[in-house]
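One structure below.
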Amino acid sequence: MKKTKKIVLMGLLIALDVIAASFLTIKMTYLRIGTSFIPVSFTGLIFGPLLGGIGAGIADVVQFLLFPSGAFIPGITLDSFLSGAVYGLLLHKKRPALWRTFTAAAINQLVISGVLTTFWLYLAIPGNTFSALFITRIIKCLIMTPIETVVIYGMWQLKERTKVFSRVSL
């Protein structure tokens, strides 16, 4: 029964990620500002780095298959995996700490989204310089890092206080 609960919860979080990335996101040419970091971080928080990364990667592929918006870029799926893995590595089975949440958000925004995703977009979309893409995207990342930190930390605190997943016994 424990495996069934894990699979169901993982499926729900993947579905939430797909919905957030598809419908709760402001999409511009090279930028996406949205809420998909919430289910991704929660997947890592609950399941750890490996399953957090796998869940985020699956969600990226499913989101592309159901709601394509351009070419499929495998590097961005890798970035999704890394994002879930970072949240899992820094948040799973740890006591809530603001510095830990900030570190996870900063790595995800500045390194993964700011540098890696920008690099994949630079390779996939001809006619742009890396620096032009980077400057545009890094501004978004600098704005989103504190927002993600506050939202994820609040969610983490709520999870710990309410013991919402204690009955699931993951």
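The values are calculated or read from the model by the stated rules, or taken from the named source; none is laboratory data. Model, not experiment: these values are computed from the prediction. A quick note on method: Cβ atoms are made from the backbone with ideal geometry, for glycine too, and the neighbour counts reach across all protein chains shown.
Quick notes on this structure:
- Qualifying residue in region 130-149 (condition: touching a Ser or Thr at 6+ places or on another chain (Cβ under 8 Å), farther than 17 Å from G44 by Cβ and loosely packed, with under 15 Cβ neighbours inside 10 Å): yes
- Checking each residue in region 9-45 for being polar (S, T, N, Q) and out of contact with any Phe, Trp or Tyr (no Cβ under 7 Å at 6 or more places or on another chain) picks out T25, T29, T35, S36, T43.
- Complete set of residues in region 80-117 that are among the charged types (D, E, K, R) and at pLDDT below 95: K93, K94, R95
- Residue within region 39-61 that is of a type in the set (A, V, I, L, M), over 28 Å from G127 (Cβ atoms) and at pLDDT below 95 present: yes
- Only one of the numbered conditions (1) over 24 Å from G52 (Cα atoms); (2) in contact (Cβ under 8 Å) with a residue 12 or more places away in the chain; (3) of a type in the set (S, T, N, Q) is not met by Q157, and that is (1).
- The residue that is modelled with the lowest pLDDT, among those in region 150-170 that are among the polar types (S, T, N, Q) and within 22 Å of K2 (Cα to Cα), is S169.
- For region 118-126, the criterion of being modelled with pLDDT of 95 or more, of a type outside the set (F, W, Y) and either within 11 Å of the chain's Cα centre (by Cα) or surrounded by 15 or more Cβ atoms within 10 Å (Cβ to Cβ) (or both) is met by no residue.
- Residue within region 119-137 that is part of a helix (DSSP H, G or I) and within 24 Å of L51 (Cβ to Cβ) present: yes
- Cβ-Cβ contacts under 7 Å between residues 6 or more apart (or on different chains), taken from a first residue in region 65-89 that is touching a residue at least 12 places away in the same chain (Cβ under 8 Å) to a second residue that is of a type in the set (D, E) and in a helix (DSSP H, G or I), are listed as I76/D60; T77/D60; S80/D60.
- Being within 18 Å of T29 (Cβ to Cβ), basic (K, R) and touching a strand residue (DSSP E or B) at 6+ places or on another chain (Cβ under 7 Å) is a condition met by no residue of region 125-137.
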